[in-house]
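What follows is a set of notes on a single structure, which appears directly below.
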Amino acid sequence: MATKALETSVRRAGVVSVISLEGEIDGFAEEALNHAYTAAAAPDVTAVLLKFDRVDYINSTGIALIVGLLAQARKSGRRLLTSGLSQHYREIFQITRLSDFMQIYPDEATALAQNA
Amino acid sequence: MSDNPAPRDAGNWARPVDKLDLSGVQAGGMRLNVAGRHLTGPIRGFGQMWQKTYWVRLSGAPATPQEVITVWKAEFPSFWPKGNRFYGPLTGIRPGEVAVLNLAGPGGVTAPGETPVIATGIMVIYADDVSFSFMTPEGHILAGLITFSAFAEDGATVAQVQALIRTMDPLYELSFRLGVGHRTEDDFWQATLRNLAARFNVAGQAQMRSALVDPRLQWSEAKNVWHNAAIRTAFVLPGEILKRLLGRS
């Protein structure tokens, strides 16, 4: 089966940095994910929004990477937000307890409206 | 995509559960500290967050990563170091299945009759043909996500254990700060990998690296000590030792 390496893009929306994710989040995504987070975590950013609309595969190594991002964010006092998670991925965030600490929004507009 | 009803990984993940149950676990062992417990994972632990990676190269073995994982899943308990027991799911290592663990203490110490001293468990939260992952319930030593995988690298198959962990409560954290917990954990997985390599007729040298992901303690999780599996196991240990010495277990 063809796989699609993770691609990311980062932009600012006020005090929130938005990271758009496209492709697969697995062990090969580590560099792209960490690079995007570093670019997103400017000193005046209070929250980082991960957009999952175009993510179509996450394995357990990918979840571990997201846990690592969450740890980085909490260490620096930032909130880590998500949008665009399908019901399937919401369940994965629930079972891995990520949803205990990451606010889940249906879409980017709602996330920004409540965190800008 | 959010509008895709069946992502490719859909069959690889466990469904969310409120509490663990033991109905699908093979008989035997001290079945404590699992039934009725919630899953935790590295988010909910108390101690510092570590990422520990252990690996062994199966140099010269013809096994593919898929073949290694098939064997690892099927014979998982046989690779554990002496004194530790894994009572697995009746249906094998599959997403959503639960297993009972009876573990030796630090340094592989067991009670008389080779009785393990900590009873706890795991849930399989993910499995595919080249990896599988466990999460731990309340009371376990570690609040963790542990992934077992195999991959090809430089002409050989590499078997790997990657643990993203925090200690569950302040007592376990103390044992890790004293070095005992870290050493026990490191020895455990390196011995497991050597045993796995031996299964493929390889005298493998297990290696490891560790990284401190988050040095902070999560004091809000200090209350986890209420479920501490080591303490709770200690209450039933005398009876369990007697059963073993009398040959009833």
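The values are calculated or read from the model by the stated rules, or taken from the named source; none is laboratory data. The structure displayed is predicted, hence computed values, not measured ones. Please note: Cβ atoms are built from the backbone with ideal geometry, for glycine as well, and neighbour counts cover all protein chains shown.
For this structure, a couple of remarks:
- Sole residue being modelled with pLDDT of 95 or more, within 14 Å of chain A (Cβ to nearest Cβ) and in a loop (DSSP other than H, G, I, E, B), chosen from B:Pro95, B:Pro7: B:Pro95
- Within the stretch B:16-29, at least one residue is surrounded by 14 or more Cβ atoms within 10 Å (Cβ to Cβ), assigned to a loop (DSSP other than H, G, I, E, B), in contact with a Leu (Cβ under 6 Å, 6 or more places away or on another chain) and more than 14 Å from chain A (Cβ to nearest Cβ).
- Tabulated pairs, the stretch B:62-77, first within 17 Å of B:Trp189 (Cβ to Cβ) and in contact (Cβ under 8 Å) with a residue 24 or more places away in the chain, second surrounded by 14 or more Cβ atoms within 10 Å (Cβ to Cβ) and of a type in the set (Ser, Thr, Tyr), C-beta under 7 angstrom, 6+ apart or interchain: B:Val68/B:Thr157; B:Ile69/B:Ser131
- Test set (1) over 13 Å from the mean Cα position of the chain (by Cα); (2) facing another protein chain (nearest Cβ under 10 Å) - A:Ala64 fails condition number: (1)
- Residues of the stretch B:55-79 that turn out to be in a loop (DSSP other than H, G, I, E, B) and buried (at least 18 other Cβ atoms within 10 Å of the Cβ), as a count: 3
- Those helices (runs of 4 or more DSSP H) of the stretch A:1-106 that lie entirely within it include none in which at least 2 residues are in contact with a His (Cβ under 8 Å, 6 or more places away or on another chain).
- Checking each residue in the stretch B:154-196 for being under 18 Å from B:Thr70 (Cα atoms) and hydroxyl-bearing (Ser, Thr, Tyr) picks out B:Thr157, B:Thr192.
- When A:Ala32 is tested against (1) within 12 Å of another protein chain (Cβ to nearest Cβ); (2) within 19 Å of B:Gln51 (Cα to Cα); (3) surrounded by fewer than 20 Cβ atoms within 10 Å (Cβ to Cβ), just one condition goes unmet, and that condition is (1).
- Single condition A:Tyr57 does not satisfy, out of (1) over 20 Å from B:Ile125 (Cα atoms); (2) facing chain B (nearest Cβ under 7 Å); (3) hydroxyl-bearing (Ser, Thr, Tyr): (1)
- Check on B:Arg166, in contact with a Leu (Cβ under 9 Å, 6 or more places away or on another chain), of a type in the set (Lys, Arg) and either surrounded by 20 or more Cβ atoms within 10 Å (Cβ to Cβ) or modelled with pLDDT under 95 (or both): yes
- Condition met for B:Phe86 (in contact with a Pro (Cβ under 9 Å, 6 or more places away or on another chain) and assigned to a strand (DSSP E or B)): yes
- Check on A:Thr82, farther than 19 Å from B:Leu145 by Cβ and either more than 9 Å from chain B (Cβ to nearest Cβ) or crowded, with 17+ Cβ neighbours inside 10 Å (or both): no
- Residues of the stretch B:230-246 classified as within 13 Å of B:Pro112 (Cβ to Cβ) and over 22 Å from the mean Cα position of the chain (by Cα), total: 9
- Within the stretch A:91-109, the residues that satisfy the criterion of being more than 13 Å from A:Asp53 (Cβ to Cβ), of a type outside the set (A, V, I, L, M), more than 7 Å from every other protein chain (Cβ to nearest Cβ) and buried (at least 16 other Cβ atoms within 10 Å of the Cβ) are A:Phe93, A:Ser99.
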